[in-house]
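Only the coordinates and a few stated rules stand behind these numbers; no lab work does. If you're wondering where the values come from, they're calculated on a predicted model, not measured in any experiment. As a convention, Cβ positions derive from the backbone with ideal geometry for all residues, glycine included, and neighbour counts pool all protein chains shown.
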Amino acid sequence: MAFALTYGSFGDIVETARLAKRSIDILRSGRASYERQKVISALKGMHDDVATLSTFLDLDSPSPNVRYITDQLSTELACCRSLMQQLFAKMNRCNGVMGRILMALSEETELISWRTEISQRRDSLQLLLGILNSILSLEAGERLGRVKSQVLSVGSQVHNVEAQVQNIGAEVRNFRALTVMSLAASHLMVRRVSSVGNKVQQVHQLMHKLSPRDLSEPVFFVMDPLGRTITIQVSYCDGFNDLDRILKAHLHDRPQAGSRYVERGDYSVVSTDGIVLRPFELAGRLRAGIQLEISIIKRRRHRFEPTPQKCPHCDHTNENSQDNGWIHCSIRTCGQKYQITSTERVAEMEEILWSQTSLQGNGTEFFRLIQIEAIYVSMAVFGTAIDLTDHLANHQDSVGILVLGSVSVG
């Protein structure tokens with residue numbers, strides 16, 4: 001019953017903590033000085049302050065005073081994040097040769113300015129947290145007072161029931177009902193306290209993962225079908241199954257990025273030199289710094305059905321006749337010569353244009369890399385779909401999958 005920070009505020013907490021850690025690493029990589037150490041201490045304090053705010057996540061309070069302070073905290077968090085972004089950008093510029101020369105000339109003044117700005121933001125955060133804790137303490141005291149009054153009231157009622165229990169059976173039933181309600185309320189309170197404890201523990205675990213010692217884990221990169229880079233920690237991805245789960249999560253509900261293809265597994269993972277990596281090959285490839293790409297797979301199925309082997313003169317069906325050759329009718333009364341060819345019917349397996357896909361003006365999907373697979377099936381000997389299924393199960397050579405190529409769309 002405190003307050004609920006928004007998802008944006010949680011993002012500010014995580015980003016501010018991350019930038020504080022990276023700024024500390026940059027300062028430690030340079031020469032040691034008294035002012036540098038003071039700035040590092042201020043950055044550590046900033047990291048700890050924003051981490052403290054995570055303990056207030058997912059709590060709620062109807063108090064207008066609490067809501068006002070939480071709004072101020074959200075604004076202050078955004079200011080802290082903006083300040084850390086500016087300081088980190090300045091530190092990055094100072095890493096170059098020219099930047100180090102300029103930094104050496106004005107380092108002490110610059111460091112004092114940074115420390116002052118960080119201290120101001122920390123003072124604002126601590127002031128707001130102090131006010132918030134005071135308000136929450138007052139509200140807790142008021143709630144305890146109300147609970148005490150209710151307990152005293154219930155106790156008085158219990159005494160009255162005990163005095164009348166020998167004569168009035170109805171009062172006894174009322175007392176039992178009241179007891180059941182109290183137990184149910186206690187059970188509900190225990191469940192809520194347990195739920196809050198679990199959520200606080202999850203937040204602490206998340207912040208522990210974002211602590212300074214864990215912010216520089218090795219990563220690799222996967223480029224999605226639109227050319228955007230997905231950064232993945234190596235420790236979270238041991239093979240194809242982990243990579244498939246991560247890619248589906250990143251591309252979920254993004255049809256313009258080919259989410260429907262990835263959801264049903266119609267994609268390949270391609271190395272930078274254009275080699276399609278099979279699932280069992282990925283485990284040995286996933287290491288820090290590598291770059292991979294997603295190739296979308298589009299499929300077509302072609303079915304060839306021969307024209308009836310009938311003589312055009314007498315309509316007699318000539319068995320064992322061959323396509324694209326001259327045939328003599330086997331009926332003696334006819335004996336005419338004719339030629340037949342096969343007709344092709346193409347059944348699209350993939351909708352090249354789809355209503356849920358983000359299209360350009362000419363109705364074209366734009367993916368960086370695609371593969372087109374064509375499946376050719378001869379339908380000359382199959383009467384039904386069941387016949388075809390049985391045949392495919394026993395004769396794998398009846399179906400050929402032709403990879404027409406990979407097309408890169410820049």
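The table below gives the values:
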{"item": "Shape call, segment 231-281: gyration tensor on alpha carbons, a/c limit 1.5", "result": "oblate"}
{"item": "Residue order, fewest to most surrounding Cβ atoms within 10 angstrom, among D244, D273, D12", "result": "D273, D244, D12"}
{"item": "Proximal charge balance of S82 [Cβ under 12 Å; K/R count +1, D/E count -1]", "result": "-2"}
{"item": "At R0 = 51 Å, FRET efficiency that the Cβ-Cβ distance of L226 and R191 yields, to 0.05", "result": "0.70"}
{"item": "Exposure proxy order (Cβ contacts within 10 Å, fewest to most) of F10, F221", "result": "F221, F10"}
{"item": "Spin-label model distance (nm) - F280 vs A163, 7 Å beyond Cα toward Cβ", "result": "8.5 nm"}
{"item": "Distance violations [Cα-Cα > 18 Å] among K21/K199; K148/K199; K310/K337", "result": "K21/K199; K148/K199"}
{"item": "Relative packing of peptides 23-36, 73-86 - highest average C-beta neighbours within 10 Å first", "result": "73-86, 23-36"}
{"item": "Residue-span extension gain [Q202 to A170] - 0.36 nm each, minus C-alpha spacing", "result": "6.7 nm"}
{"item": "23 Å Cα-Cα reach of K298 towards lysines, excluding residues that sit fewer than 8 places from it in its own chain", "result": "K248"}
